[in-house]
DNA sequence: TATGAATGAGTGTTCATTCAT
DNA sequence: TATGAATGAACACTCATTCAT
């Protein structure tokens, strides 16, 4: 029933093409024709190719930070997570599947040595999301020192988020390369995480 | 004393620029001027832009697979690793630092949805490195089923290699973003790995 | 009290922008946003970009030819000019200051080698303004042959109008370049005209 | 015998087209095809469209300032000019005919309100051409105060150079508009200058 | 009278690649 | 082994103009 606007079509096609070829490898002409709109319309809505990318990032971070905020507010970080918190975190990680394309683009762009601080970091950093008071409140509540918080960020990002991201982004090609069916692959990966990252969490929980 | 040939200069500069801007974002002109050689010379040595990339990958995989082979042959995978095996694996992971630029490029290229099987997978896959006989010999020796080997590959790649890769490639920007000194960051990361991936290995070793 | 219509705002902004960047250098988008109206409205009032220019020229020539006509009719060209004629000519040249922007545009367009007869010539040409009878009457009255009239046109245009035009259009930048205050510059220019063009007129007047 | 290089062909065609349509109105595509070279070659030699224009200006000012310098050094400005000085000034003004196209472009660009100090002023300004010592020497020799020199510049530029420039640039269209043959037109213009600017010079010479 | 959305045809510019020497 | 000149095809982006409302 809802009419899909040209603007939305452009964003959707850009997302797909940036994910497929990388930002530099994707062509505006292609995005336009794929979206079935005139090339100039892209420049009417977004000011430049980069502008499209930034809008894509902006939209994603809006959504993802809302989800992360919900998790934190549901008490996801203090001691044993409540049921709501569990649901929040599930939604959060569910996003990794649903928003695979943008995550792919974000990771690719983050890997370039040139640019500014990668948008990717926002996946674990709630300092840009919560207010200072909230952070202070949270760190008091959980009784974590600054050191401990830094350690937590690093552990979550590098041994939790990154493996999951890699799995989501490379799974398909892994299965083709090693001739493993996708369901088996999922089992392997889940076990791998259980034995490493999740094992650590359980230990801490006790 | 060793004369650095134009060919080597081109490869070195290409490596740096591909890492900085990504393959598509890097320009042949720039590589040439950075290397102090004529643009056409690049086409004399390598047949195309992609040719340069492939040479870079080829060289890296040559070296890395040699290191991995050494590890396997030193018995790195059977039971408790010997001292030689330990040294081999250290050298192997040392490469992650030294060859950061190429790994960066490989990861970026691997993330594109379009292309063929990512060169990146070769980091854990010795099926391209060892002969069939050798693999069979090894799998018999270690008593691993095909399932177990697949599980091992997945675990090593996603919870061992990927975090390390991410750490090596994003560390600098992480430190800037979160205002953490590099040495502290190293401590956090080592602990994170100890608590997750390495903890798992120790458990298995017993 | 007088309401400035959108139409007038468009014309005024077009005038300023054409003067600033030249006709080709100015952009319809810019004119619209500067005038605070929708781009399409420009096409509603004037049929095209050129249409705006032509309206601007039309308006100017209307006014300027009226002034020139008044001068001629007040007897400005026969022998010693009356007081009314003097006032007419003062008003005429006063226009050079007030309508600087359009004159600038007209001169720029006139300089292109491609186009038709420059609107600029109308500044001295009353053949487009007076009827044939009037011209004949005037030329009889003043006793000038066709040759003499041509000579007069040339003299007036190239040594009277053009220097004044140049002064009006380049004065500001001349003062900046040569670091001369504007009032001094005016003195220099007035003297220059007195010593050359006006000296000639006085001699003829006697 | 001399081979006309692609570079020269580009410059020549750019000159013609800029003069015909104005800088903004001229198209790089057209320049390339007119010059019989590939469009990209223009960017190989000059970095941009503007770069072509600037090269054109640079070359002209080089030549014109050399001529003006010769005139001044031959004593063209002190008292009654020598024969060499006369020849120098003839060459200088001869340039107005030969280099009409560039002068046309320079004037058009100078008329835009936006840009920096018009290159056009260099036609009378030798402060960019002679060294400070030379200027001081000259001003002492000729016994002119700074005021007098400023007056001279203004007089020369606005009542000498500008009319000549206008004549050279508008003559053709004037003749068409007023239906005057070119040779008659020349006579009219020469007389106009004799009666105004040159009359002033003769008076001063005495 | 006014506008937001849309477009065709270009516009300057870039790029990987080739060629003659 | 090395280079300056040259190119075709594309590239991101722009612009005057139109259309539906």
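Derivation of every value follows stated rules applied to the coordinates shown; laboratory data play no part. All values derive from a computational prediction rather than experimental measurement. Using ideal geometry, Cβ is built from the backbone for each residue, glycine included, and neighbour counts are taken over all protein chains shown.
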Given the conditions (1) closer than 20 Å to residue B:170 by Cβ; (2) at the interface with chain A (Cβ under 10 Å from one of its Cβ atoms), which single one is not true for residue B:121?
(1)
Do you know which of the residues in region C:42-78 that are surrounded by 14 or more Cβ atoms within 10 Å (Cβ to Cβ) and within 14 Å of chain D (Cβ to nearest Cβ) is nearest to DNA strand F (Cβ to nearest atom)?
C:49
Would you confirm, using the coordinates I've provided, whether residue A:31 is more than 14 Å from chain B (Cβ to nearest Cβ) and within 12 Å of DNA strand E (Cβ to nearest atom)?
no
Which one of the conditions (1) surrounded by 17 or more Cβ atoms within 10 Å (Cβ to Cβ); (2) more than 8 Å from DNA strand E (Cβ to nearest atom); (3) away from chain B (no Cβ under 11 Å) does residue A:37 fail to meet, given that it meets all the rest?
(2)
Do we have any residue at all in region A:146-155 that's at the interface with chain B (Cβ under 10 Å from one of its Cβ atoms), within 30 Å of residue B:116 (Cβ to Cβ) and in contact with a helix residue (DSSP H, G or I) (Cβ under 8 Å, 6 or more places away or on another chain)?
no
Cβ pairs under 8 Å, 6+ apart or interchain, first in region B:32-43 and closer than 16 Å to residue B:4 by Cβ, second within 6 Å of DNA strand F (Cβ to nearest atom), ordered by first then second residue, are B:32/B:38; B:32/B:39; B:32/B:41; B:35/B:6; B:37/B:6; B:41/B:6
Is region C:5-17 home to any residue that is within 16 Å of DNA strand F (Cβ to nearest atom), under 28 Å from residue C:127 (Cα atoms) and within 14 Å of another protein chain (Cβ to nearest Cβ)?
yes
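Scan region C:85-104 and tell me whether some residue there is within 16 Å of DNA strand E (Cβ to nearest atom) and more than 24 Å from residue D:115 (Cβ to Cβ).
First, the residues of region C:85-104 that are within 16 Å of DNA strand E (Cβ to nearest atom): none.
Looking for residues that are within 16 Å of DNA strand E (Cβ to nearest atom) and more than 24 Å from residue D:115 (Cβ to Cβ), one finds none in region C:85-104, hence no.
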Within region C:109-158, count every residue that is surrounded by 17 or more Cβ atoms within 10 Å (Cβ to Cβ), touching a residue at least 60 places away in the same chain (Cβ under 8 Å) and closer than 21 Å to residue C:58 by Cβ.
5
Checking the structure you have, find out if any residue of region C:81-89 is in contact (Cβ under 8 Å) with a residue 40 or more places away in the chain, buried (at least 17 other Cβ atoms within 10 Å of the Cβ) and either within 14 Å of another protein chain (Cβ to nearest Cβ) or in a helix (DSSP H, G or I) (or both).
no
